[in-house]
Structures are given as C-alpha cells and as structure tokens.
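Visitor: Sharing a structure with you now.
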Amino acid sequence: MPRVLLDVHGITYSYGSVPALAGITFQVQPGEMIAVIGPNGSGKSTLLKCLDRALRPQRGVVLLDGRDLWDYSRRDVARRIAVVPQETVTEFDFTVAEVVLMGRQPHLSGLIRRESPRDLAVAREAMELTSTLHLAERPVSSLSGGERQRVIIARALAQEPEILLLDEPTSHLDITYQVEILDLLVYLNRIKNISIITVIHDLNLAAQYFRRVILLSGGKIVDVGPPEKVITTPKIRQAYNTEVLLTRHPGNGRLFVTPLPRKSVEMMSGGFRPTVHLVGGGGSGAGLMEAMFVRGWKVTAGVLNRGDRDWEQGRLLGIEMVEIPPFVPIGDEAHQQNLTLMKKADCAVLASVPFGQGNLRNLYALEEALAGGLPVFLLDESPIEERDYTGGIATEVYRRMIGKGACLVPSEVSALEAIQKRFPPNRALSR
Amino acid sequence: MIKPQIRAEASSGGRGVPFVALEQKRWRVRLLILLLVLLLLVTAAVAVRVGAVSVPVADLLRILGVVPGSPSTLDPVKKAIILELRLPRVVLAALVGASLAMAGAAFQALFRNPMADPYVIGVSSGASLGATVAMLLAVDFRFLGVGSVPVLAFAAALGTVFLVYQLAKTGSVVSIFTLLLAGIAVGSFLSAIVSLLVYFSGERLHQVVFWLMGGFGGANWLYVRTALPYFVLGTGMIAFYARELNLLLLGEETAGYLGVEVERAKKLLLTGASLLTATAVSTSGVIGFVGLIVPHAVRMVAGPDHRFLIPASALAGATLMVAADALARTVLAPTELPVGLITALAGGPFFLYVLRNRRKMKFFS
Ligand SMILES: Nc1ncnc2c1ncn2[C@@H]1O[C@H](COP(=O)(O)OP(=O)(O)OP(=O)(O)O)[C@@H](O)[C@H]1O
Ligand SMILES: [Mg+2]
C-alpha cells in the first residue's frame, strides 16, 4: 500500500452563500503529478487554496501525512507545501535573488532569522533548476511573463517542498514557454520526487504531461483518473457544455483534444442532424467518423472489435457502438444489436473495409437494412474484390446491394456530400 | 534525465553567482546606515549648539562628556540651557522623526500604497481631537507627571486606531483596503470636529493652532522619558517584523504561502506603527511630510528590503526632524516657526531632487 501524502476527504467550501466546492475526495501519493481541469468557476483555485491551508473547508478535512492541515502551523505547512499562485503581485523593486531567497522564510529560525550558507545554497539550486541564475540581479518587475513564472517557481522550490501546487502556471505564456514550464515540472517531479498538483486549462497539455487528471465541474469531481478515462467526449460535454473532437496525437499516441466551435457545429449541421450508422473496422472508418461527428451528426457504429482503431476513435468521440472482444467473429447477439442501431439511423455508410469470415455478417446486416428501406452509402475507395477474403461471398453481396439501390461513393468527401444532399439541414426528411 | 533546455538561458549564457551582488548591495546599505548615524550625530551636535546662546564646540563636548575636562569651569547657565533645554529637545525631535519615518515605511508596505503615511488610519485626527479637547476645556491633570494635553492626545489616538480596526474587521480577518477606507472616513470625521472646535476656540485659538501645526517648544527630559518606552516598544515590533513587511509586499496571499501568519503580523505591525505615531503626535503635534517622504527617499537609495529600510528611515527621519527643528528655532529668532512648516518647505524640494536624480543614487541599490 503506497503512502498517502495528502488525503482530501469530503471537503466542502462556500464563499458566504456561494458554494464553490462540494464533497471533494481524492488522495495524493508521494511523487504523483496531477492535473486539475475544469471550466472557469468550477472551483479549481478554491480547491488548491484548501490544499494549502489558505482556506478552511467548512466540511471535510485535508490530511497531510494523516494529520489535519489545520493542526499544523502556517510555517510548518509552508515547509512542506509550496504554491505558485494564479495571480502574483510584482510592483516592487525586489531583485530575483531577493525574491527567491524569500522562499527560505519558513526554514529560518532564531531571533535574527539570518540566511545560513545552506539557505543560500538551496536558493541557488532552485535558481539553477529553473534557469533563473542569470536573472539574479534583475528587478522582478522588469521580467517577461515566462521569466517571472520561473522565478516564482524558483521561490517555491527554495521552500524545499514535498508538494508543489500551481494555479494555471502556463496561462499568459506562449506555447514555447508553456512547454518549458511543463517540462520543468516533469523534471522536478522526477529528480526531486516532488508531488505536483497543477490547475491547467489546456486539455492537450493535461493529457500529454499528466498520468492523473481531476475533472471538476460546478464544485464537484466529474472524474479522476488517467486522461484516457477522464478526458472523454461525454465527460467534457458534461463539464464544459462544449463539443470536443478527441483524436490520438500522431507523435506520442497521447490524447489530442480539439474544441469544436459551437457556431460551426450549428452551421454545418443546420437544423436537422441526421443519425448515420457507420460500418467499418481496422481504422477504415475513423476519418469518416470524425468528419461526421464534427458536422454535428449523430454517429453510431458496429460491429467493432474492441481495441480496433475505429473502436478506439468511437470511444474517444463517445458514440454508441456495438462492440465485441478482439479477434472474435460477430455472434448473433451483436448482429441483432447492429440491426437495431441501423433501424434507429437515418442512413448507413460502409467504409472501405476488408471482409473476412469474422465480419461478413456486417455486410449481411447492411443488406437486410437496405431491404428494409434504409439508405446505404458504399464508400468505394478500393475495389471490393481486393478487399474480399471470403472467397467471393462479400463481392457477391456487395454487388447485390448496388443492384438494390445502395449508392456508391468514391471518396470520404463525396460520401459526406451525398449524405448532406440526402438530408438537407433545412427540412427533416421522412424516409 | 536531462534538464529541460530553457530558451532564455541558451541565449544569455546563464552564468553568475546569485548572491554575491546581493551581499555587496547589503554591505553598501550597511555603510549607508553608518553614514546616516554619523550624519545624525553631527546634525544633533550642530542643533544643540545653535540658538540665542551659542556655545563653543570645545565646551559643548565637555558638557556632553564626550571630552574629559572640568565642566565646573563652564558657565552654569549655559550648561543648563544645553543640558536641560536643547539636548532634550534635540533628542525628542530625533525620536519623533524616527517614529514618523518608521511608521510611514510600515504603513506604506502594509497598505502596498506609496501614498500611505503615518496618519492614514486616523491617528493624527484622534490625537488632535484629544489635544484640542484638553486645551479648550482646560482639562488640567497630570498623569505620571505628564500634562493633560499629551495624555489625552495619546489616548484619543490609540482609541481612534482601535475604532478603525474594529470597523474594518470581519470575523478574524482585517482587510487592509477596508482599513484604509475606514481610517480615511473616521479621520475626516474627527478632523471636522476638530475644525468645529477650533472655530469656537476663542482666546485659546493660538494655542490650539500652534499645537496642531506641531513643534518641540515645551520639550524636556520628562517628555523624553515618558515617550521612550513606547518608542522602544513600537520600534521593536516593526524591526522584529521587518522580514514580514517584505513578504507582505508580495501580497498577503503569497506571504501566507511562505509561512507568515498574516493576520497576526498585520495586527502587530499596525499596533507598532500606531504606537509610534501616537507617541510622536501626542508629544509634538501633527508634523506632516516626514513620514511620507523619508521612507520614499530612503527606498530609492537603499532598496525595498525593510530590514535596511526601517533603520535607515529612522535615522534619516531623525536627522531631518532635528535639522528642521533647529531651523524652526533659529531662522526667525526669536520667533519660533512651526516645525511642520519647515519639514514641508525643505522636505518637498529635497524629495523632488532625489526623485529627479534617482539614477545617480543607484550606487546604493
Ligand atoms: N473570493 C470569492 N468570493 C466569492 N465567491 C468566490 C470567490 N472566489 C471564487 N468565488 C466563486 O467560487 C467559484 C469557484 O471559483 P474558483 O476561483 O475556485 O474557480 P476556478 O475553477 O479557479 O476558475 P478559473 O478557471 O476562472 O480560475 C466561482 O463561482 C467563483 O465565482
Ligand atoms: Mg482559478
């Protein structure tokens, strides 16, 4: 059982009658890196302030090493937890060296409270780590935003904390500085084993840099866990009331979040949003799925094997899917569910997917739905014969469907256009 | 793991020993403080010497016991003038000047406001009311040997601070901003009452107005002895919390994150600064300008670190006040000018000079 450093237990905080946090519970282990995300006013800053004894929760406790934070003195807390606040006052003439040295305040003792050589050494190391040594003699008020942020982090490090709390350390910074600051946090976390909890607005950075994410909304935790679990379309929609497009980062495979502008979603989808059932697999339908989702159409999919790239995409987008375990052929139950989804849809699209014995029933399902009157679009990027591993059965069914009125489309773009034409935004089409 | 490359570092070489320059600066400031001590001593010596009765330097040193010699050979009247009139007056002026400068520095940091002075939260208005009431009603009592005017002024000053503090308090938290506003409101109200009283003060008008303008006319050792404990107490509180003053400049929230018990620090600093101000005002009336200007001027040359700013301001304030009082006594002798007039007349241009030449003075910071 790993040691619990910070145990946040059911804390509730209200500013007067304005509730800001309600029943927040989570735990922090030594050396963890946690991102706190959530829309403006969701209570992120309030949560951070409750963790550093700046605000006292009306209900619940925060335990530091099993002891109530409020049983420690301010000074004792400052020796273990350092904070980089959201706003910092800098209209004074202190130099960088002076400001970083102030981080030693909680460690100074005696009547005079003079800095010892060790205090100077610690402050120096903090400046080295944050690459602020060369700024030592500059007045803090003369620094750029990124430099200033690093100085404030240096001051926090001079406290020799076990836990570092940061409130939006990267806002106001250009992307290079944002990455610099986050790289720095990762580095500090690795070499000093400092637990880091930071509020961050950029979901991409949160997903890329943190293995654990807390999603707040309206003062409550929507979810805690790895970014793949927390940053999902439905949860983001619930917390932010916004549509996002989730994909995989091409370089490192981490989550990649693109917010969809409300306006364009509405414009592209118009008044009527068709429900499109997608039949694909192996990544053949992922692009189309994303494009239809961006247009604001309701997308369903099936039958997909779990772990498959199309399945992965569908999960990121949070769409309804019929799914079966990997490498398992489509069984009766999945087939029936697939038919049910098709019945609820306004049309179906078949991606240029290869067919084998395992997924042949997807084709039969489409044929059945077509016979029941469902418009079916066949994306024909490569000839069916080249994708047929069933000894000609798939080709035969495919041809039959064309004969019965399935619409052949040569590319994803033309598929989208064909569907759009079939379901114009300004009138709901009865089929 | 490789340390992340930081953009700015790559461009500037990232070399440097961070605290050497800081330490050098601190030594320069210590030197400045030493110079200020000397300056104060010289100014005080000159101030003791000048006046209607002038004393040769050699005699002065002998009277003060600096140079051994037989004081009995000296004129006993001169000796009495020096020891019983001028010396306590100079010492009192120094104490008052130092008090106002330290209180001003503390208030400016506490309120993070360059316009703050020792009188912002109404201490002077309270003291004025107390003193005016004592003079107009001719209240006559002695408390520990001190007359009714300073005693009432002191009591009213502290009472005003307490009132303002209570008004600004919500729960256990005192908002500095509310404190400032409450201080201004209460101060204006009390000042209006004082004006009203002055309007009806009749034949005592001159006495009241002269007190309000401030001066060290009646100074004697009793005043010094009575004021000294409060001076020491107030100075101690501010000096002990000089580090906290620095941290409070970063904002109360940040100060808290660095381990400062912010509310306690604020309360103690307010008490210390108010004590100094109340002591100054009740012994010598409302002398303006010193508490506002001296901390600024000193900050420009000595930097913002209160561990140096406080003692340097105290010395500079004391020197300025001693010099101003000497001028007040001698310029139009035998008529005595109010000291506050001199501090404003001389302090204003001096401050402008410092302001215009701050770059040349960077030597110290
Ligand atoms: N000092 C305060 N007095 C009253 N209400 C407050 C105060 N500070 C915050 N609130 C309210 O509490 C709620 C949570 O605020 P908080 O600052 O924690 O949000 P946040 O998630 O940090 O937002 P942001 O992303 O904008 O920084 C908000 O509704 C806010 O209006
Ligand atoms: Mg915030």
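Visitor: Looking at region A:104-117 only, could you name the residues that are modelled with pLDDT under 90 and either among the charged types (D, E, K, R) or open to solvent by 60 Å² or more (accessible area, probe 1.4 Å) (or both)?
Guide: Matches in region A:104-117: A:Ser109, A:Leu111, A:Ile112, A:Arg113, A:Arg114, A:Glu115, A:Pro117.
Visitor: Among the strands (runs of 3 or more DSSP E) confined wholly to region A:168-256, which include 1 or more residues that are free of Cβ contacts under 8 Å to residues at least 24 places away in the same chain and away from chain B (no Cβ under 14 Å)?
Guide: Counting at least 1 such residues, we get A:220-225.
Visitor: When only residues in region A:16-53 that are free of Cβ contacts under 8 Å to residues at least 24 places away in the same chain and within 14 Å of chain B (Cβ to nearest Cβ) count, which is nearest to ligand 2 (Cβ to nearest atom)?
Guide: Result: A:Lys49.
Visitor: Looking at (1) crowded, with 16+ Cβ neighbours inside 10 Å; (2) more than 16 Å from B:Leu100 (Cβ to Cβ), which one does B:Glu203 not meet, given that it meets all the others?
Guide: Among (1) crowded, with 16+ Cβ neighbours inside 10 Å; (2) more than 16 Å from B:Leu100 (Cβ to Cβ), B:Glu203 violates only (1).
This table checks each residue for (1) buried (at least 21 other Cβ atoms within 10 Å of the Cβ); (2) in contact (Cβ under 8 Å) with a residue 24 or more places away in the chain.
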| residue | (1), (2) |
| --- | --- |
| B:Asp75 | no, no |
| B:Lys79 | no, no |
| B:Pro88 | no, yes |
| B:Gly97 | yes, yes |
| B:Met102 | yes, yes |
| B:Gln108 | yes, yes |
| B:Val120 | yes, yes |
| B:Val123 | yes, yes |
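Visitor: Look through region A:143-154, keep the residues that are closer than 23 Å to A:Ile81 by Cβ and without any contact (Cβ under 8 Å) to a residue 60 or more places away in the chain, and return whichever of them is farthest from ligand 1 (Cβ to nearest atom).
Guide: A:Ala154
Visitor: Which condition does B:Pro56 not pass, out of (1) away from every other protein chain (no Cβ under 14 Å); (2) of a type outside the set (A, V, I, L, M, F, W, C); (3) open to solvent by less than 30 Å² (accessible area, probe 1.4 Å), if it passes all the others?
Guide: B:Pro56 satisfies every listed condition except (3).
Visitor: Output the helices (runs of 4 or more DSSP H) that fall wholly within region B:188-257 and possess 2 or more residues being more than 14 Å from chain A (Cβ to nearest Cβ), or say none.
Guide: Result: B:205-213, B:221-240.
Visitor: Further question on the same structure: Just the residues that are part of a helix (DSSP H, G or I), more than 9 Å from chain B (Cβ to nearest Cβ) and under 22 Å from B:Gln24 (Cα atoms), please, taken from region A:125-153.
Guide: Passing the criteria: A:Glu125, A:Ala126, A:Val140, A:Ser141, A:Ser142, A:Val151.
Visitor: Still on this structure: Would it be correct to say that B:Pro349 is assigned to a helix (DSSP H, G or I) and surrounded by 21 or more Cβ atoms within 10 Å (Cβ to Cβ)?
Guide: Here the answer is no, as B:Pro349 does not meet what is asked.
Visitor: For A:Ser171, only one of the following conditions fails: (1) within 16 Å of ligand 2 (Cβ to nearest atom); (2) open to solvent by less than 10 Å² (accessible area, probe 1.4 Å); (3) of a type in the set (Ser, Thr, Tyr). What is its number?
Guide: (2)
Visitor: Continuing with the same structure: Determine if region A:70-85 includes at least one residue that is more than 9 Å from every other protein chain (Cβ to nearest Cβ) and open to solvent by 60 Å² or more (accessible area, probe 1.4 Å).
Guide: Taking every residue of region A:70-85 in turn, at least one turns out to be more than 9 Å from every other protein chain (Cβ to nearest Cβ) and open to solvent by 60 Å² or more (accessible area, probe 1.4 Å).
Visitor: Taking the stated definitions as given, is A:Ala334 farther than 20 Å from A:Ser411 by Cα and either free of Cβ contacts under 8 Å to residues at least 24 places away in the same chain or buried (at least 18 other Cβ atoms within 10 Å of the Cβ) (or both)?
Guide: Against the criterion (farther than 20 Å from A:Ser411 by Cα and either free of Cβ contacts under 8 Å to residues at least 24 places away in the same chain or buried (at least 18 other Cβ atoms within 10 Å of the Cβ) (or both)), A:Ala334 qualifies.
Visitor: Here's a follow-up. In region A:372-390, how many are under 15 Å from A:Cys407 (Cα atoms), assigned to a helix (DSSP H, G or I) and open to solvent by 10 Å² or more (accessible area, probe 1.4 Å)?
Guide: Looking only at that region, the number is 0.
Visitor: What number of residues within region A:105-124 are more than 9 Å from chain B (Cβ to nearest Cβ) and assigned to a loop (DSSP other than H, G, I, E, B)?
Guide: Count: 5.
Visitor: Got a number for residues in region A:36-64 being within 15 Å of A:Ser217 (Cβ to Cβ) and not β-branched (Val, Ile, Thr)?
Guide: 9
Visitor: Still on this structure: Only one of these conditions is not met by A:Tyr13: (1) in contact with a Pro (Cβ under 6 Å, 6 or more places away or on another chain); (2) within 16 Å of ligand 1 (Cβ to nearest atom); (3) open to solvent by less than 10 Å² (accessible area, probe 1.4 Å). Which number is it?
Guide: It is condition (3) that A:Tyr13 fails.
Visitor: Considering only region A:56-68, I want to know if a residue exists there that is surrounded by fewer than 17 Cβ atoms within 10 Å (Cβ to Cβ), on the phi > 0 side of the Ramachandran plot, more than 16 Å from ligand 1 (Cβ to nearest atom) and not hydroxyl-bearing (Ser, Thr, Tyr).
Guide: Scanning region A:56-68, I find at least one residue that is surrounded by fewer than 17 Cβ atoms within 10 Å (Cβ to Cβ), on the phi > 0 side of the Ramachandran plot, more than 16 Å from ligand 1 (Cβ to nearest atom) and not hydroxyl-bearing (Ser, Thr, Tyr), so the answer is yes.
Visitor: Considering each of A:Ile419, A:Ile393 in turn, give the residue that is touching a strand residue (DSSP E or B) at 6+ places or on another chain (Cβ under 9 Å) and over 27 Å from A:Thr233 (Cα atoms).
Guide: Going through A:Ile419, A:Ile393 in turn, just one is touching a strand residue (DSSP E or B) at 6+ places or on another chain (Cβ under 9 Å) and over 27 Å from A:Thr233 (Cα atoms): A:Ile393.
Visitor: Does A:Val244 fit the bill of being crowded, with 16+ Cβ neighbours inside 10 Å, among the hydrophobic types (A, V, I, L, M, F, W, C), out of contact with any Leu (no Cβ under 8 Å at 6 or more places or on another chain) and at pLDDT below 85?
Guide: No: the conditions fail for A:Val244.
Visitor: Mind checking which residues of region A:174-208 are open to solvent by 20 Å² or more (accessible area, probe 1.4 Å), more than 26 Å from A:Arg248 (Cβ to Cβ) and either among the polar types (S, T, N, Q) or within 16 Å of ligand 2 (Cβ to nearest atom) (or both)?
Guide: Selection gives A:Asn193 alone.
Visitor: Before we move on, is B:Ala273 within 14 Å of chain A (Cβ to nearest Cβ) and over 27 Å from A:Arg53 (Cα atoms)?
Guide: Here the answer is no, as B:Ala273 does not meet what is asked.
The values are calculated or read from the model by the stated rules, or taken from the named source; none is laboratory data. The structure displayed is predicted, hence computed values, not measured ones. As a convention, Cβ positions derive from the backbone with ideal geometry for all residues, glycine included, and neighbour counts pool all protein chains shown. The accessibility values were calculated without ligands, DNA or RNA, using every heavy atom of the protein model including side chains. Shrake-Rupley method; radii C 1.70, N 1.55, O 1.52, S 1.80 Å.
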